[in-house]
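The values are calculated or read from the model by the stated rules, or taken from the named source; none is laboratory data. Here the structure is a predicted model, which is why all the values come from computation and not from measurement. All Cβ positions, even for glycine, are placed from backbone atoms using ideal geometry, and neighbour counts span all protein chains on display. Note: accessible area is taken over every heavy atom of the protein model, side chains too, but ligands, DNA and RNA are not part of it. Shrake-Rupley method; radii C 1.70, N 1.55, O 1.52, S 1.80 Å.
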Amino acid sequence: MNESDPRNARAGDALLIVDVQHDFLPGGSLAVPDGARVIAPLRHCAALFAGRALPVFATRDWHPRDHCSFRPQGGPWPAHCVAGTTGAAFAEALQLPAATRIVSKGTHADHEAYSGFAGTDLERRLSDGAVRRLFVGGLATDYCVAQTVQDARRRGFDVVVLRDAIAAVDAHPGDGEHAIERMALLGAVFLDSAELS
């Protein structure tokens, strides 16, 4: 198989799982409709990457209780993913590999952070690991996934978005589809997890 084929996970690739936390899943304080459907494909991909000794990263919102994005502070969202709470924990069904590298974002009360690159050391850690291409899935398509993909492309990473492993908030109808269009225009490639080999 051609090394540039997005179906071929290889050295220089990493899996980036975005914000698959309890508060973004059914029953959570900021649940993404159909958010739970991303878990099975991401679990499959995480096992595949770990089995090849390829790095797996997982971002998480890790907010202080008075975070600026929360409604009591004038933000648009209900309180969610407060550091150390059950709502901020990763979904157990993901079965994240033991070596998963955690990236915490939104850790300062006065700074919003949708992207996994915003205010984190993710770029340095990817560069230190000689990662050139990211396979991205998680929640939500129209916010943290889209912003993470945008920042990854701006930093020169190739990006493969796992089509069956993203789900949108759709605060406004069509937001998820518009986000997919924007990611494609930025040069992201789309692939179903089952196509990975």
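Counting only heavy atoms of the protein chains, get the accessible area per residue of the chain (1.4 Å probe) and round it to a whole Å² value. Before the final figure, lay out each step's value.
Working: 8700 Å² over 197 residues.
Roughly 44 Å² per residue, with all protein chains present.
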>> Which residues among region 1-37 fall inside the zone where the amide N is under 14 Å from a point 7 Å beyond the Cα of Ala99, along Cα→Cβ?
In response: 10-15
> Based on Cβ point charges of +1 for Lys and Arg and -1 for Asp and Glu, what charge dipole magnitude is obtained for the chain about its Cα centre, in debye rounded to the nearest 20?
Replying inline: 500
> Which one, [x] 30, 20, 14; [y] 35, 21, 14; [z] 26, 17, 16, gives semi-axes √(5λ) of the Cα gyration tensor in Å as derived from the coordinates shown?
Replying inline: [z]
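Grab the Cα-Cα distance for Arg124 and Ala53, subtract it from 0.36 nm times how many residues apart they are, and report the gain in nm with one decimal.
Numbers: separation 71, 0.36 × 71 = 25.56 nm, distance 1.93 nm.
This chain segment gains 23.6 nm when fully extended.
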> So how much slack lies between Ser29 and Gln73, counting 0.36 nm per residue of separation and subtracting their Cα-Cα distance, in nm?
Replying inline: 14.2 nm
> Taking a point 7 angstrom from the Cα of His108 along the C-beta vector, which residues in region 33-74 have backbone N less than 15 Å away?
Replying inline: 62-64, 67-69
> Lys/Arg Cβ at +1, Asp/Glu Cβ at -1, dipole of region 31-98 taken about the Cα centre: which of Cys81, His67, Ala36 is farthest positive-ward?
Replying inline: Ala36
>> Is there a quick way to get the dipole size of region 1-67? I mean about its Cα centre, with the Cβ of Lys and Arg at +1 and of Asp and Glu at -1; what is the value in debye to the nearest 20?
In response: 220
> Can you tell which of Ile166, Ser197, Gly176 lies farthest toward the positive end of the dipole of the chain, using +1 and -1 charges on the Cβ of basic and acidic side chains (Lys, Arg; Asp, Glu)?
Replying inline: Ser197
> Can you give me the Cα centroid spacing of region 37-51 and region 166-191 in angstrom?
Replying inline: 21
> Using the Karplus equation 6.51 cos²θ - 1.76 cosθ + 1.60 (θ = phi - 60°), what ³J(HN,Hα) coupling, rounded to whole Hz, does each residue of region 28-43 give in order, writing x for Gly and Pro?
Replying inline: x, 6, 9, 5, 8, x, 6, x, 5, 5, 7, 5, 4, x, 5, 4
>> Please report the carbon-and-sulfur percent of the accessible area for region 1-135; probe 1.4 Å, protein heavy atoms only, DNA, RNA and ligands left out.
In response: 51
